[in-house]
Every structure is written in structure tokens, then in C-alpha cells.
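The values are calculated or read from the model by the stated rules, or taken from the named source; none is laboratory data. Note that this is a predicted model, so its numbers are computed, not measured. Heads up, the Cβs are rebuilt from the backbone with ideal geometry, glycines too, and the neighbour counts pull from every protein chain shown.
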């Protein structure tokens, strides 16, 4: 194999490595149909590349290269929001702050949050709340309005009031504080979700697919309270069950002791 052939081999190995990483990315996103398409394209490209080493398939190789370029560009277009978040996190230094929160303060925040969800459920007010047990990307926070206020039922209800300018976005909560409101979240790309689910529910699922966050959704159509965690949506959550879930997420124990949390 000549020098040109060795260079082509290295290019081919690099391309396969990149595509394998993309396949892992698709698998994590549960885009199985898209994985199948790219698997077929990779097999076609591999076959043409191998045959080109023995036969002069210049035109076929050119078309295969164009096909792969088009496929990669299409990938970037489809997942542009995910790539944007990835590059943002890689290029920007994350801020870190520590706060001292007791279990009693966390219990109060849970009670206020459950009370707000119960009230909004009865009045059919749509809401989306994200609980960040450990950290939250600055990219998400900067899409909304920073608050830094204590979690209270009246404040949450006023934020999601349909006349409020930031009612359509998500509220981000860390410990017992509302970090930001009106935030935009990445939508889930899962093909298995029901078509009846709207943007608010897809956003609630999407933010939990690659993080330890928990999302709470109140449907404005029927008042149903749902909880999304690890990419799975559970519906018809009662206030009692919601309290148990939040206590588990916060790790609240019976005795009051200090818990240290980092806000990202």
C-alpha cells in the first residue's frame, strides 16, 4: 500500500471512530431509527472504501464521501441544540457556590412546592419545575431570569400565572431557592413518547435524560401532575406521592442536620 493509501486508511479509521462516538450519542438519546440509517450509511461507505483499495472506484468513492458529509451535516442540524450546549459547557468555566441548608428548610421548601402544584392543578394552570439535586448548567440558567428567591407557593403560582411574562418557561430550583424562571429546556428526542404529550412534557423529559434532575409538570389541559426522572415520565402523581418523591430526591432525614449543596 502506497503513502496515499496509508493516508486514506488513517482517514477512514478516524471517520469510523467519529461515527462510533455518534452512534453512542444516538443510543443514549434513544434515536434508534436514526442509528439504523447511519449504520447502513457506514456499511455502504466501508464497502466502497475496501473495494476502492483493489479497484479504481473514483466516482463511487467521491459519491460516498459526499454522502457521509451530507449525513454529518444533517446530524449537526438535527442535534444543533445539544451540540450548542456541549460546546458551551466545554468553553465556559462553571461557577460554583456553596450554601448551608438544613433539613427543616428543605422540608419547608418541599411543602411549599407541593402546595403550589396542588393549587395549580386544581385551577388548571400549566407549570414546569426542575429540581437540581447536585448542579445545573449555566447555559440553562442564562436562558431565563435569575431570581435567587426562597421557594414559596405564592411566588411559584405568580410565576406560572398566564399573565406573567415568564410563565411559559421552566423554573429551576436548587435546595430551597428558585435560581431562575422562564428557562428554556432541551426537548426529548425519544421516538417512543406519546404524541399526546406537548412541548412542556417533552422538555421535562429531555432535561432528565442525561442528568440527575427531576422535573415536575402540571398540565394546563387536565391538571394532571407528572414527574419526569431519568427520561421516564410518571403521571397522575398525588400530592402525598410528590412529597415522598421530593423528600427522596433531597435526601431529607428525620433529624435536622446541615446539608451542603453546590449551586452550579
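The range 97-157 holds strands (runs of 3 or more DSSP E) entirely within its bounds, and those carrying 2 or more residues that are surrounded by 23 or more Cβ atoms within 10 Å (Cβ to Cβ) and assigned by TED's automatic domain parsing to the domain that holds residue 231 map to 127-131.
Out of (1) at pLDDT below 70; (2) surrounded by 13 or more Cβ atoms within 10 Å (Cβ to Cβ), what's the single condition that is false for residue 49? Only one criterion is unmet by residue 49, namely (1).
Contact annotation: no residue pair with Cβ atoms under 7 Å, 6 or more positions apart or on different chains, pairs a residue in the range 173-185 that is outside the structural domain of residue 148 (by TED's automatic domain parsing) with a partner that is assigned to a strand (DSSP E or B) and surrounded by 24 or more Cβ atoms within 10 Å (Cβ to Cβ).
On the given criteria, is residue 171 more than 22 Å from the chain's Cα centre (by Cα), farther than 14 Å from residue 220 by Cβ and buried (at least 23 other Cβ atoms within 10 Å of the Cβ)? Taking the combined requirement at face value, the residue does not satisfy it. A single member of 154, 133, 165 is modelled with pLDDT under 95 and under 23 Å from residue 104 (Cβ atoms), and it is 133.
Taking the range 184-242 and the strands (runs of 3 or more DSSP E) fully enclosed by it, the elements with 3 or more residues that are closer than 23 Å to residue 161 by Cα are at 214-218, 225-229.
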